[in-house]
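Okay, structure first, notes after.
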Ligand SMILES: *Cc1c(COP(=O)(O)O)cnc(C)c1O
């Protein structure tokens, strides 16, 4: 007899490892359970014997890993009787908060830096019908305002300073171990507010403590050169990068992330916008995986550290691809400015010639 088991989101799946009870109304869009794709062409291209897997979080319901944290944060906000949530966002948190708020039947307020949100993320947030408040300031300013206003108004903050966000996001580490049967040697990810690196480390630690896996990875946090407070060793005031999702100078999980670095024996490093965009293009053109610029920072870092031997051959590496490339069509079009589609006559002969010409 066949038993059918519908996947209904990460809270149901990892229920016994998350802070919910039998009575909790779970707010889910079926997030999690994202593919862990082993790269096949890039390792060959760089001529290194490494196993690189990418955890493609761009395939979550709103196209980023934020959904993992948001299902948990909104579930707990509703459980506590909250009627409204609020966040500051570089784009993905606002899209995710808006979607889960609609699902729950509560209101979402999002503060975004005017003109610094990727087009797809803005479109999503508008479609989900959130109350969008644009500010003429950056994410860090928005975050400070959100913290202040939450003291005065009945709204629940759903940025990653909300501990339930971290609880939801730690499940990505569970999925990796459940799938591989072990934790990777190195886990590489882009770092903005540093909530996600904190969440992965929590997940790996919980599994290692219970002996679900025997090892824990070295955690590698990569930043954009113009927004690299962890590399500078201090907060910075005017972060700038094409990777808008990590355009953050005052990370909220500052101390937690330093702790991850120390405990895991890992490191922080930074990469230029050119290096980030090259990695994004490489993933698309050699592996068929289209992530957003910020996400590609993970691969840019991994490839750099593999090339220098800091990550030795024989290593098993996981890179988290935090968001979907479709979210930022403007950057993608810029990246492909030199490869315009050919326009031909709508005739069989012309199509045939176009094909034969490029074989
Ligand atoms: C939020 C986000 C990040 C940064 O994650 P933090 O937890 O803030 O470090 C990276 N990439 C994308 C696509 C994001 O949306």
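Of all the options 232, 84, 183, the one that moves most in a Gaussian network model of the chain with Cα springs shorter than 10 angstrom is 232. Dividing the helix sum by the residues of the chain, where each DSSP H run of 4 or more adds -39500 (n - 2.57), gives a mean residue ellipticity at 222 nm of -13000 deg cm²/dmol. Temperature 4 °C, viscosity 1.567 mPa s: under these conditions the Stokes-Einstein estimate for the range 1-121, based on its Kirkwood radius over C-alpha pairs, is 79 µm² per second. Counting DSSP beta bridges in the range 138-292, what percent are antiparallel, to the nearest 5? Taking every DSSP beta bridge with both residues in the range 138-292, the antiparallel ones total about 10 percent.
Gain on full extension, evaluated as 0.36 nm per residue between residue 12 and residue 33 minus their Cα-Cα distance, stands at 6.4 nm. Need one number: % antiparallel among DSSP beta bridges in the range 1-113, to the nearest 5. Taking every DSSP beta bridge within the range 1-113, about 40 percent pair in antiparallel fashion. Computing FRET efficiency as 1/(1 + (r/R0)^6) for residue 343 and residue 272, where r is the C-beta to C-beta distance and R0 is 51 Å, gives about 0.90. For residue 205 and residue 59, what is the calculated FRET efficiency with R₀ set at 30 Å and r taken between the beta-carbons, to the nearest 0.05? According to the calculation, E is roughly 0.70.
Working from label points 7 Å from Cα in the Cα-to-Cβ sense, the residue 258 to residue 356 distance is 6.8 nm. Length gained on full extension, residue 51 to residue 152: 31.3 nm, using 0.36 nm per residue less the C-alpha separation.
Counting pairs of Cα atoms in the chain, how many percent are more than 35 Å apart? The share of Cα pairs beyond 35 Å in the chain comes to 23 percent.
Cα centroids of the range 312-359 and the range 177-218: 33 Å apart. Annotation: extensible slack from residue 285 through residue 24 equals 89.6 nm (criterion: 0.36 nm per residue apart, minus Cα-Cα distance). Counting every pair of alpha carbons in the range 158-279, the share spaced more than 17 Å apart comes to 55 percent.
Quick note: the coordinates plus some simple rules give every number you see, no bench work behind them. Computed from a predicted model, the values in this text were never measured in an experiment. Cβ atoms come from the backbone with ideal geometry, glycine included; neighbour counts cover every protein chain shown.
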